[in-house]
Every structure is written in structure tokens, then in C-alpha cells.
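Single-structure report; data block below.
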Amino acid sequence: MSKASVDINNLPYADGDFFAFEQLLTAKEQDRLAEIRGFLAREVRPIAVDCWNRGEFPMELIPKLAEIDLVSPVRRQGYSNLFAGLVHAEATRADTSIATFMGVHDGLFTGSIEALASQEQQDAWLPDIYSLKKIGAFGLTEPLGGSDVAGGTRTTAQRNGDTWILNGAKRWIGNATFSDWVVVYARDIADNQVKGFLVDTALPGFSATKIENKISLRTVQNADIVLENVVVPDFFKLAGANSFRDTNKVLKVTRLSVGWQAVGQQLAAFDVARRYAVERHQFGRPLASFQLVQSQLVQILGNAVSSMGHDGPAFPAGGCRPGQG
Ligand SMILES: Cc1cc2nc3c(=O)[nH]c(=O)nc-3n(C[C@H](O)[C@H](O)[C@H](O)COP(=O)(O)OP(=O)(O)OC[C@H]3O[C@@H](n4cnc5c(N)ncnc54)[C@H](O)[C@@H]3O)c2cc1C
């Protein structure tokens, strides 16, 4: 189904892509995006508000997310960066929390493995990660190290024969209350460099406690992690994570998806405002028939569309024309 054949009266969302960036996608990508959009409208949007109110993650969604197969679309499935960005915007448009769950598992966690693990490690771990049999988290921030974590990582790693011993604390770690693995960044006391480790959350000495009373991203389960003499076999030290410069490679790539999240949130705001303005009648007419309201709707949409444009995330360095990844 190409964009040209889409029935605009039956879209799951109001179509906010006024510059038709979607038409830069291949026909296969357009079909896939329509499939994902339908999935989000069917499975995610209807449960989003309830999960938010309860502050709980819908674990029953994970097998469905596995089935729709969203992890690593560019590297593994050969889709373009533009496609990956539009998918992330659409996921955010349905629910920022679920998009963040995917952003952590796919971008930060899987991204760490894809960028920094050896081929042998990738072969051992990635199949279960791609299929969501293993859920991941990304443990960088610490109670005392936020913006300055590059130089301020206090969690330590000490080599001990064929193992590493990790000690310290991490804060705000998304997915970590239920994840199987966390990529933990820790400072090697031998050379003072930040290194990366794939830590099994079942290991003795590892604990993750949910951070309660959040006012934002309430469905995302953020945790305080404590590591007390956690013994990690050397095979689980990421081969290519040997200084914070390596960690930065992961952060650099995933910043793009943050821009796409902002696009998705603006489109969601437009969806809600537009729907209300069309349905709500005052003075015998829909609100949307008043020019003042139309002007506000146009402003939201204008900002959203310009966020997708040349100065926005649609055209990152290296380009993202169809097929170029
Ligand atoms: C919902 C949520 C999910 C998160 N998920 C994860 C995760 O999965 N994994 C993970 O590792 N981390 C995660 N984080 C942590 C996040 O990356 C940090 O919050 C972020 O790095 C900022 O650190 P901080 O909160 O300690 O703020 P601080 O560094 O203490 O900053 C506080 C304020 O001061 C400002 N500030 C700091 N330094 C400067 C400066 N030099 N100049 C001007 N202003 C400055 C900041 O912009 C900010 O407004 C998450 C955070 C949140 C809130």
C-alpha cells in the first residue's frame, strides 16, 4: 500500500506529514510503516493512559512488540535512517513511554552491543536481544554523576583473573526493574578508563529498585541500581568499550531518536487538539471553524512539520535517502 493509495479518512491518525517526507521512503518501507502505525493504534494507544495512571509497564505488550519485530531496523533489516526516525516518531505519537522503552532497549542497549561488542559476543547475544527474549537496559547515570558522568563515573570495575568485580550505584535506569541484562559502564581502577559490561540482573549483588512518584514518563520503569561485588565473567566485558569515547559512540547515534521523539510528541498534541476542535461545538459550530482556533492548530502543525525538515532530524549527517540507511 503506497502513500498515494491511503484513504485519508481512515488513517489511524490525522496525517501531519505535510511535506510528505514519507514519500522519500521506498514502497516497502511505506508499507511497513503503515503496518507499524496500525499496530500502534490497535495495541499501544488504547492502553497508554491507563498504564500512565497506574505507573506500570504493560508486560503483556512485550510478545506483541516481539512479533511486530521493531529492534534494529537499520542495521539488521536494511531500512533507512529516515524510516527508523519516522517509526520512532509514530511510536512516540502513540505513547512516549512505550517509545522510550523501545529507545532504551533498541537504541541504547542494543546500540551498545552492536557498536562495542566483538563479533563473537554479538553472535552470542544479539539473536535473543533482537527477538526481545532478553530485555535490556543502559546503565550510565549515577546518583552523583548526571551531566558530568563522562568524568564523574564512580562505579568501579576491578579485574580479578577471568572475572571483573563491579561496585557502585546507577540511577534513573529505564527498564531495569524487569530487564534481563543491563549494560553497565564502570571505571576500571587499573587505568581509570570507563568500560562497558553486560551484566545479568540475576547475578548475586545486583539489585534494582523502582523509582516511585515520577510525574513524567510514568509507564517507563526507572530504577536505582546497586552493584555490590557483582562478579562478571570476562566474556561479558564489551570488547570495544574501553574509554568514555567508546560510550559516546552509542550516545551520539541515539541522540537522533530524541529529535524524532519531539516530532512524535508534537504530532500527538496536534492529533488531540484537532480531534477536540472538530468534535466540540460552541455557538452552534465546531471549535475548528473559528479562525483563532485554526491559527493555533496551524501553529502546532507548522512547528511539527518544520521539526521534521532540513534543520530537524529527517536529514542527519550522512543523509538518509531511501536505501542509504
Ligand atoms: C525519565 C528518565 C529516564 C532516564 N533513563 C536513563 C537510562 O535509561 N540510563 C541512564 O544511564 N540514564 C538515564 N537517565 C538519566 C539522564 O540521562 C540524566 O538525567 C541526565 O544525564 C542528566 O543528569 P541529572 O538528572 O543528574 O541532572 P544534572 O546533571 O544534575 O543537571 C541538573 C540541571 O543542571 C543543568 N546543568 C548541568 N550541567 C550544566 C552545565 N555545565 N551548564 C548548564 N547547565 C547545566 C542540566 O541541564 C539540568 O537542567 C534518565 C533520566 C530520566 C529523568
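The numbers here are math on the coordinates, done by the rules we state, and not lab data. Just so it is clear, the model here is predicted, and its values are computed rather than measured. Here the Cβ is made from the backbone with ideal geometry for all residues, glycine too, and neighbour counts use every protein chain on show.
Segment 136-248 gives an Rg/Rh value of 0.96, both radii derived from C-alpha positions and Rh following Kirkwood. Relative to the longest principal axis of the Cα atoms of the chain, the long axis of helix 27-39 lies at roughly 90 degrees.
Listing GLU60, GLU67 from fewest to most neighbouring C-beta atoms within 10 Å gives GLU60, GLU67.
So what's the net charge close to THR155: Lys and Arg +1, Asp and Glu -1, counting the other residues with Cβ under 12 Å from its Cβ? Value of the local net charge: +2.
Per DSSP H run of n ≥ 4, the term is -39500 (n - 2.57); total these for the chain, divide by its residue number, and report the mean residue ellipticity at 222 nm rounded to 500 deg cm²/dmol. Rounded to the nearest 500, the figure is -12500 deg cm²/dmol. In the Gaussian network model of the chain, springs joining C-alpha atoms below 10 Å, which of PRO286, PRO46, PRO143 carries the largest mean-square fluctuation? Evaluated over the chain, the most mobile residue of the options is PRO286.
Rounded to the nearest 10 degrees, the angle from helix 119-130 to the longest Cα principal axis of the chain is 40 degrees. The order of ASP180, ASP95, ASP234, going from fewest to most other C-beta atoms within 10 Å of their C-beta, is ASP234, ASP180, ASP95. A convex hull fitted to the Cα coordinates of segment 112-187 yields 110 cubic angstrom per residue. Working note: Debye formula, equal point scatterers on the alpha-carbon atoms of the chain, no solvent; log10 I(q)/I(0) at q = 0.08, 0.09, 0.14 Å⁻¹ is -0.41, -0.51, -1.11. Taking the number of Cβ atoms within 10 Å of each Cβ as an exposure proxy, the fewest-first ranking of MET308, MET59, MET102 is MET59, MET102, MET308. Helix 81-94 axis versus longest C-alpha principal axis of the chain: approximately 70°, rounded to the nearest ten.
Of all lysines in the structure, the ones whose alpha carbon falls short of 16 Å from that of LYS195, not counting any fewer than 8 places away in one chain, are LYS170, LYS237, LYS249.
For labels at ARG54 and THR26 in the simple 7 Å Cα→Cβ model, what's the distance in nm? Taking the simple label geometry, ARG54 and THR26 are separated by 4.0 nm.
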